[in-house]
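Undergrad: This is the structure, below, for whatever I ask next.
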Amino acid sequence: MDNVSFDWFALIILPLLIFFARIADVSLGTLRIIFVSKGYKIIAPLIGFIEILIWIVAISKIIQNIDNWVCYIAYAGGFAVGNYVGMRIEEKLAIGYELVRVITQKDANNLVANLQKKGFGITTIKAQGTAGEVAVIYLIINRKKIEDVVEIIKKYNPNALYTVEDLRFVSKEIFYSTKLKAKRKLFFKKK
């Protein structure tokens with residue numbers, strides 16, 4: 001009936017393969033950059049190897065089908081989606097530690113007590129702000145705990161200013177309240 005045959009492979013299957021290959025290699029690239037910034041010297045190069053291997057296969061298929069514009073769209077779309085997927089994966093992994101700095105004008109005792117009650121190790125100092133005396137609270141926490149800390153800050157001191165900074169390296173893990181430290185010492189006590 002129709003003299004023009006539809007090439008399923010060239011117009012549907014190949015672009016889909018290129019699209020998903022780009023999602024994979026760009027997602028891996030995002031993770032690789034994060035692992036490099038965190039100082040993971042073994043896993044970053046391994047991820048880079050797989051990332052480039054996938055990229056070479058995808059780009060070679062583009063070059064072999066240079067007149068197929070659908071492959072170009074698939075390549076660009078895979079790049080865009082790969083960035084998003086890579087960021088979501090990294091968000092779920094929540095690798096590393098964060099420094100949370102809280103600056104509060106009102107008395108921070110209630111906030112401090114509740115952070116300690118939840119097991120967070122904190123450091124507090126009194127400081128001078130533009131409107132008078134302030135309390136500054138520092139916490140070094142695992143990235144997976146950021147939402148918990150922000151929730152406590154908003155609940156017990158909603159007007160506090162807080163910042164979250166990425167840390168590359170932490171020399172010691174002092175993330176336990178006094179009560180949790182005592183339990184930990186009891187558990188590891190020599191008999």
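Bear in mind that the values in this text are calculations on the coordinates, not laboratory data. The shown structure was predicted, so the numbers you read here are calculated from the model rather than taken from an experiment. Glycine also receives a Cβ, built like all others from the backbone with ideal geometry; neighbour counts cover every protein chain displayed.
Undergrad: With everything on Cα atoms, drop me the angle between helix 178-188 and the longest principal axis of the chain, reported from 0 to 90° to the nearest 10.
TA: Once rounded, the angle reads 70 degrees.
Undergrad: At 4 °C and a viscosity of 1.567 mPa s, what translational diffusion coefficient does Stokes-Einstein give for the stretch 8-93, taking Rh as the Kirkwood radius over Cα pairs? Give it in µm²/s as a whole number.
TA: It diffuses with D of about 98 µm²/s by this estimate.
Undergrad: Provide the packing ranking of 55-64, 23-32, 9-18, i.e. peptides ordered by the mean count of other C-beta atoms within 10 Å per residue, highest first.
TA: Peptide ranking by packing, descending: 23-32, 9-18, 55-64.
Undergrad: Would you be so kind as to identify which of 74, 37, 132 lies farthest towards the positive end of the dipole of the chain, taking Lys and Arg as +1 and Asp and Glu as -1 on Cβ and the Cα centre as origin?
TA: So the residue we want is 132.
Undergrad: How far apart, in nanometres, would the label points at residue 84 and residue 69 be if each is projected 7 angstrom from Cα along the Cα-to-Cβ direction?
TA: Output for this residue pair reads 2.4 nm.
Undergrad: Remind me, relative contact order of the chain in percent, using alpha carbon pairs under 8 angstrom and six or more residues apart?
TA: Computed value for the chain: 23 percent relative contact order.
Undergrad: Which of the following values of percent of Cα pairs over 26 Å apart was calculated from the structure shown: (i) 55; (ii) 33; (iii) 29?
TA: It is the one labelled (i).
Undergrad: Give me the one-decimal nm value for the distance between modelled label points at residue 171 and residue 109, 7 Å along each residue's Cα-to-Cβ direction.
TA: 3.3
Undergrad: Next question. Multiplying the sequence separation of residue 46 and residue 93 by 0.36 nm and subtracting their Cα-Cα distance, what value in nm do you get?
TA: 15.2 nm
Undergrad: How far apart, in nm, are the 7 Å Cα→Cβ label points at residue 57 and residue 138?
TA: 4.8
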